[in-house]
Amino acid sequence: MLSSLFLMGGLLLQAQSPELLYPNGTPNAVGQEEVDKPTLTAYPSKGSQTAVVVCPGGGYRGLAMDHEGKQIAAWLNQQGISAFILKYRLGPRYHHPSMLNDAQRAIRMVRSRAASMGIAPNRIGIWGFSAGGHLASTASTHFDAGNADASDPIDRVSSRPDFAILSYPVISFTTPYEHKGSKLNLLGENPDAALVRSLSNELQVTAQTPPTFLFHTNEDTGVPPENSVLYYLALRKAGVPAEMHIYEPGKHGVGLAPQHPALSTWGTLLANWFRTRGLLP
């Protein structure tokens with residue numbers, strides 16, 4: 001697979017060429033344009049046994065590939081963790097379950113190749129921002145063990161992430177704290193009430209939901225921090241290990257906030273969480 005080298009934040013990154021999630025054709029594709037072809041781009045970290053699928057945000061209508069994609073891959077590589085940036089399908093061209101199918105496929109793809117990449121199959125996580133955080137929380141609450149009889153070996157492995165990082169995530173679609181744009185782009189106009197509830201992920205947490213780190217800001221009015229609080233409380237009730245940090249400053253979409261002296265410390269807290277969970281080299 002072709003790869004390229006580039007500098008980001010003083011770190012030399014090696015990015016492989018984007019790989020089609022569905023090389024034999026995207027299921028239920030609307031067309032054959034680039035937007036119909038979800039991809040996964042690997043940023044390997046030599047000697048790493050931990051991998052993270054990264055889901056940039058963008059309200060399920062766009063993808064913030066720089067500060068919620070490439071910068072995150074660079075940060076993960078700095079920690080000694082391999083990153084895989086997911087370009088998933090978007091609304092209004094696509095609706096659920098296309099986005100979830102893409103996230104599940106990405107997790108399965110990494111897990112099915114874990115041995116060849118030196119990655120532990122039980123150390124594969126997902127990290128999402130904003131609407132990408134909703135996608136990551138959906139993947140954390142809607143998963144399966146794989147189909148042992150599938151003709152495609154990728155489909156034979158589990159889609160459950162082993163851990164999750166949710167950064168200022170969209171979570172709830174049934175409370176006053178919902179993000180209406182994400183809900184519309186994901187579900188369309190007048191979605192079925194049962195579907196809305198099934199994708200209000202604070203209501204879907206179980207004891208099998210993976211350990212989760214949550215980051216939000218009190219200043220966020222785009223996606224209120226109550227989204228993270230509701231999910232954290234659900235995790236706690238289910239007995240799932242969880243850690244949450246809500247900073248006072250910071251508008252929505254700050255990413256790693258590298259230019260903000262106080263807010264940028266949240267990355268250190270996340271690194272400590274990785275260390276606590278035995279996920280660093």
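Rule-based calculations on the coordinates, nothing more; no lab input. Note that this is a predicted model, so its numbers are computed, not measured. Using ideal geometry, Cβ is built from the backbone for each residue, glycine included, and neighbour counts are taken over all protein chains shown.
Listing for the model above:
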{"read-out": "Selected from GLY118, TYR60, HIS179, residue furthest toward positive end of dipole (the chain; charges at beta carbon)", "value": "GLY118"}
{"read-out": "Cα-centred dipole magnitude for region 123-281, charges only on beta-carbon of K, R (+1) and D, E (-1), debye, nearest 20", "value": "360 debye"}
{"read-out": "Under 18 Å from the Cα of LYS37 - lysines, other chains or at least 8 residues apart", "value": "LYS87"}
{"read-out": "Of GLY31, GLY125, GLY181, the one that fluctuates the most in a GNM where the chain has Cα springs shorter than 10 Å", "value": "GLY31"}
{"read-out": "The chain - share of DSSP beta bridges that are antiparallel (%, nearest 5)", "value": "35 percent"}
{"read-out": "Value of relative contact order over region 46-276, rounded to a whole percent, pairs C-alpha under 8 Å and six or more apart", "value": "18 percent"}
{"read-out": "Chain lengthening between MET117 and ASP149 when straightened (0.36 nm per residue, less Cα-Cα)", "value": "9.1 nm"}
{"read-out": "Average silhouette area of the chain, convex hull of alpha-carbon atoms, in square nanometres", "value": "14.1 nm²"}
{"read-out": "Most to least packed among 143-149, 251-257 [average Cβ atoms within 10 Å]", "value": "251-257, 143-149"}
{"read-out": "Relative exposure of PHE163, PHE215, PHE129, judged by other C-beta atoms within 10 Å (fewest first)", "value": "PHE163, PHE215, PHE129"}
{"read-out": "Sequence of HIS95, HIS260 once ranked by neighbouring C-beta atoms within 10 Å, starting from the fewest", "value": "HIS260, HIS95"}
{"read-out": "Positive-end residue of GLY132, SER17, ASN227, charge dipole of the chain with Cβ unit charges", "value": "SER17"}
{"read-out": "Gain in span if fully extended, ARG156 to ASN24, counting 0.36 nm per residue against the direct Cα distance", "value": "45.8 nm"}
{"read-out": "Residue of PRO44, PRO225, PRO92 that the Gaussian network model of the chain assigns the largest fluctuation, springs spanning Cα pairs under 10 Å", "value": "PRO92"}
{"read-out": "Within the chain: Cβ-based charge dipole about Cα centre, in debye rounded to nearest 20 (Lys, Arg +1; Asp, Glu -1)", "value": "520 debye"}
{"read-out": "Packing-based exposure ordering (other Cβ within 10 Å, fewest first) of LEU214, LEU100", "value": "LEU100, LEU214"}
{"read-out": "Charge dipole of region 46-276 about the Cα centre (unit charges at C-beta), most positive-ward option of VAL254, LEU90, HIS216", "value": "LEU90"}
{"read-out": "Residues with amide H under 5 Å from that of HIS245, placed H, sequence gap 5 or more", "value": "LEU214, PHE215, HIS216"}
{"read-out": "Net length gained if the chain between ASN272 and ASP192 were fully extended (0.36 nm per residue, minus Cα distance)", "value": "24.7 nm"}
